[in-house]
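K.L.:
I have a structure I would like to understand better, so I am pasting it below and will then ask my questions one at a time.
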Amino acid sequence: KYVSKGSSGINAEYGENSYDPLVAYIDEQFETYLQEELKIKRNLVTFHDTRIHVCLYFLVPTGHSIRSLDLVTMKALDKKCNIIPIIAKSDTISKSELDNFKANIMEELQRNGVEIYTFPTDDDTVAEVNKEMNDMMPFAVVGSREDVKVGEGVVRGREYPWGVVEIENEAHCDFVKLREMLIRTNMEDLREVTHKRHYEMYRRGKLKQMGIADDGAHGPVSLQETYEQKRAEHLKDLKTIENEMRSSYLQKVSRKDAEVKKKLNEMQVKYDGLRKAANEERDKLEEEKKKVNEELAEVKRTIAEVQRLSAEQANGKKGRK
């Protein structure tokens, strides 16, 4: 079973980084597979593998060279997936222009270090045909959704005033050869290259970020060992953070306690001062009260003496009479 994914193409208006969504999508599929692979109970046999095993990169049939944006994009993708360059709408240029265009494409790809997928030639059963197909790169195809009547039969093709271009006629385009190479001859190799080269490169990078790597001196570090090491480091960091927080908390409590004690001392001093002043004021009032009482008693004695003298004087006058 195979699934095809289409892209709307690369637009120069978005700049050289317009290929970023393509790279991100390929990485997402790698990440999905990696997450399944890292599960304790994984089942890769029945797992739906969505990794991109081949990228059919369609080139505009300019007839002379590849656009610089296509070169940059293919360079960004060649480490992510198997690229097979394809000339689209190859019926729009002549046979001689097509041959020159193919040669120019391969020369530019090689000169700019773009790595495209090559059909394997190490298997004797397919070595000869794969070598021949490698020499035909890039494939030139024509597409059509219409059925056209040719003679007594009906074929898929494009009809022009001068004749019909048949999609499945190897003399007209490379569609049949491309289909044979992808589906019947080299599908397993495409999957193998994806898994062993492109996915493995992504996997190593991700595992390295997670701290899982090969130690040259002691051999591969297992996931369990790495987990225990990371767990120990994490617990150590948590302990350090806990100690720092406790120390900070105790310092804050100590500072607050000192502030409270200072406030209490200030309030105690203020209270003692107010109490002393109140006692002094009370003593002063008691002294004044005592003086007032003494003066009042003196006044009462004086009044009593005056009354006595007045009474005596009144009694003396009565006796003389």
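The values are calculated or read from the model by the stated rules, or taken from the named source; none is laboratory data. In this text the structure is predicted, and so the values were computed from the model without any measurement. Every residue, glycine as well, gets a Cβ built from its backbone with ideal geometry; the counts of neighbours run over all protein chains shown. With ligands, DNA and RNA removed, areas are computed over all heavy atoms of the protein, side chains included. Shrake-Rupley method; radii C 1.70, N 1.55, O 1.52, S 1.80 Å.
K.L.:
Which order do the peptides 144-155, 27-38 come out in when sorted by mean C-beta neighbours inside 10 angstrom, highest first?
P.N.:
Put in order of decreasing packing, that is 27-38, 144-155.
K.L.:
Next up: Can you tell me how the chain classifies by the Cα gyration tensor, rounded, prolate or oblate, using a/c under 1.5 as the rounded cut?
P.N.:
Note, shape of the chain comes out prolate.
K.L.:
Rounded to the nearest 5, what is the percent of antiparallel bridges among the DSSP beta bridges in the chain?
P.N.:
If I count the DSSP bridges inside the chain, around 60 percent turn out antiparallel.
K.L.:
Right, here's the next one. Dividing the convex hull volume of the alpha carbon atoms of segment 3-145 by its residue count, what do you get in Å³ per residue?
P.N.:
Normalising the Cα hull of segment 3-145 by residue number yields 160 Å³.
K.L.:
Whole-Hz Karplus ³J(HN,Hα) for segment 77-88, in order, using 6.51 cos²θ - 1.76 cosθ + 1.60 and θ = phi - 60°, x for Gly and Pro?
P.N.:
Each residue of segment 77-88 in turn: 9, 5, 8, 10, 7, 7, 9, 10, x, 9, 8, 7 Hz.
K.L.:
Separate question: FRET efficiency for Thr32 and Asn279, Cβ-Cβ distance as r, R0 = 51 Å, nearest 0.05?
P.N.:
It comes to 0.05.
K.L.:
Provide the per-residue ³J(HN,Hα) series for segment 248-261, in order, calculated from phi with Karplus coefficients 6.51, -1.76, 1.60 and θ = phi - 60°, each as a whole number of Hz, with x at glycine and proline positions.
P.N.:
5, 5, 4, 5, 5, 5, 5, 5, 5, 4, 5, 5, 5, 4
K.L.:
Moving on to the next point. Need the list of lysines near Lys89 for cross-linking: C-alpha distance under 30 angstrom, and skip anything on the same chain fewer than eight residues off.
P.N.:
Here the lysines satisfying the reach criterion relative to Lys89 are Lys1, Lys5, Lys75, Lys79, Lys80, Lys102, Lys131, Lys149, Lys177.
K.L.:
Of the peptides 266-276, 69-79, how do they stack up when ordered by the mean number of other Cβ atoms within 10 Å, highest first?
P.N.:
My ranking of the peptides, most packed first, is 69-79, 266-276.
K.L.:
Considering amide H positions built from the backbone, and no H for Pro or chain starts, which residues 5 or more places from Tyr57, or on another chain, come under 5 Å of its amide H?
P.N.:
For Tyr57, the qualifying residues are Ile84, Ile86.
K.L.:
Compare the peptides 165-172, 51-58, 115-122 by average per-residue count of other Cβ atoms within 10 angstrom and give them in order, highest first.
P.N.:
51-58, 115-122, 165-172
K.L.:
Magnitude of the Cβ-charge dipole of the chain, K/R +1 and D/E -1, about the Cα centre, nearest 20 debye?
P.N.:
Dipole size: approximately 4400 debye.
K.L.:
Right, next: Provide, as a two-decimal number, the C-alpha radius of gyration of segment 225-321 over 2.2 N^0.38 Å, N being how many residues it has.
P.N.:
Against the empirical 2.2 N^0.38 Å value, I get 3.29 for segment 225-321.
K.L.:
What's the carbon and sulfur percent of the chain's accessible surface, probe 1.4 angstrom, rounded to a whole number?
P.N.:
Exposed carbon and sulfur together represent 52 percent of the surface.
K.L.:
If you don't mind, another one. Just to verify a number: FRET efficiency for Arg67 and Lys208, C-beta to C-beta distance, R0 = 30 Å, to 0.05?
P.N.:
That pair, Arg67 with Lys208, gives E of 0.30.
K.L.:
Using a 7 Å offset from Cα along Cα-Cβ at Glu188, what residues in segment 119-150 end up with backbone N under 12 Å from the label point?
P.N.:
Label zone hits: 123, 125-126.
K.L.:
Same structure again: What's the Kirkwood radius of segment 242-298 in Å, using all Cα pairs?
P.N.:
Final number for the Kirkwood radius of segment 242-298 is 15.2 Å.
K.L.:
Taking 0.36 nm per residue of sequence separation and subtracting the Cα-Cα distance, how much length would be gained by fully extending the chain between Arg301 and Asn243, in nm to one decimal?
P.N.:
12.4 nm
K.L.:
Find the accessible area per residue for segment 241-321; the probe is 1.4 Å, ligands and nucleic acids are left out, and the unit is Å².
P.N.:
Each residue of segment 241-321 exposes 97 Å² on average to a 1.4 Å probe.
K.L.:
Shape call for segment 94-145 from the C-alpha gyration tensor, a ≥ b ≥ c root eigenvalues: rounded (a/c under 1.5), prolate (a/b greater than b/c) or oblate?
P.N.:
It comes out oblate by the Cα gyration axes.
K.L.:
Around Ser65, under 14 Å between beta carbons, what's the net of Lys plus Arg minus Asp minus Glu among the other residues?
P.N.:
Local net charge: -1.
K.L.:
Further, regarding this structure: With each pseudo-label sitting 7 Å past Cα toward Cβ, what's the Asp135-Asn104 distance in nm, one decimal?
P.N.:
Distance between label points: 2.4 nm.
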